[in-house]
Amino acid sequence: MVPAWVLAALIGDCALRLYAVLLRYGNTTGARMPARTPLAARLHKKSVDTVDRALAELVQLGVVQVETRWAGRQRLTNRYRIRTSSATPVRHSRRSRRDQANRALMGRTSSH
């Protein structure tokens, strides 16, 4: 399940879907190692460039860490470490902030 703090984050739809897909790969250590081509297919995208852009959003937000793996000179699939708890604040969408402000305002007016 995608945490509420990720749903409220200021990221694109594709990045949010990629986060959910990475969660589905499951691993008790928090590490996932799918290749980018299957990720693109799971997102119904034709290009791994789309996966790379969505992944960059998740990395910038701090919810995914990417580790490049090698076996000698051969490149392996990346290892993705997924954060599922909000240890640090994340950027929220304008709508989310507006909703919070409205809730706070309604709470103040109803208590008077």
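The values are calculated or read from the model by the stated rules, or taken from the named source; none is laboratory data. Please read all numbers here as calculations on a predicted model, not as lab measurements. Glycine gets a Cβ as well: all are built from the backbone with ideal geometry, and neighbour counts include every protein chain shown.
When you go through THR88, THR84, THR109, THR28 one by one, which is the residue that is more than 17 Å from the chain's Cα centre (by Cα), modelled with pLDDT under 95 and outside any helix (DSSP H, G or I)? Step through it out loud before you land on a result.
Values: THR88 fails: more than 17 Å from the chain's Cα centre (by Cα); THR84 fails: more than 17 Å from the chain's Cα centre (by Cα); THR109 fails: outside any helix (DSSP H, G or I).
None of the others qualify; the one that does is THR28.
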- Among what's in the range 1-30 and is crowded, with 16+ Cβ neighbours inside 10 Å and in contact with a Phe, Trp or Tyr (Cβ under 7 Å, 6 or more places away or on another chain), pick the residue that is farthest from THR77 (Cα to Cα). VAL6
- Note on the structure: Filtering the range 31-45 down to residues that are in a loop (DSSP other than H, G, I, E, B), at pLDDT below 95 and surrounded by fewer than 16 Cβ atoms within 10 Å (Cβ to Cβ) yields MET33, ALA35
- Query: In the range 35-58, which residues are of a type outside the set (Lys, Arg) and within 17 Å of VAL2 (Cβ to Cβ)?
  - Reply: LEU39, LEU43, ALA54, LEU55, GLU57, LEU58
- Residue selected from the range 51-66 under the condition touching a residue at least 24 places away in the same chain (Cβ under 8 Å) and touching a strand residue (DSSP E or B) at 6+ places or on another chain (Cβ under 6 Å), by the criterion surrounded by the most Cβ atoms within 10 Å (Cβ to Cβ): LEU58
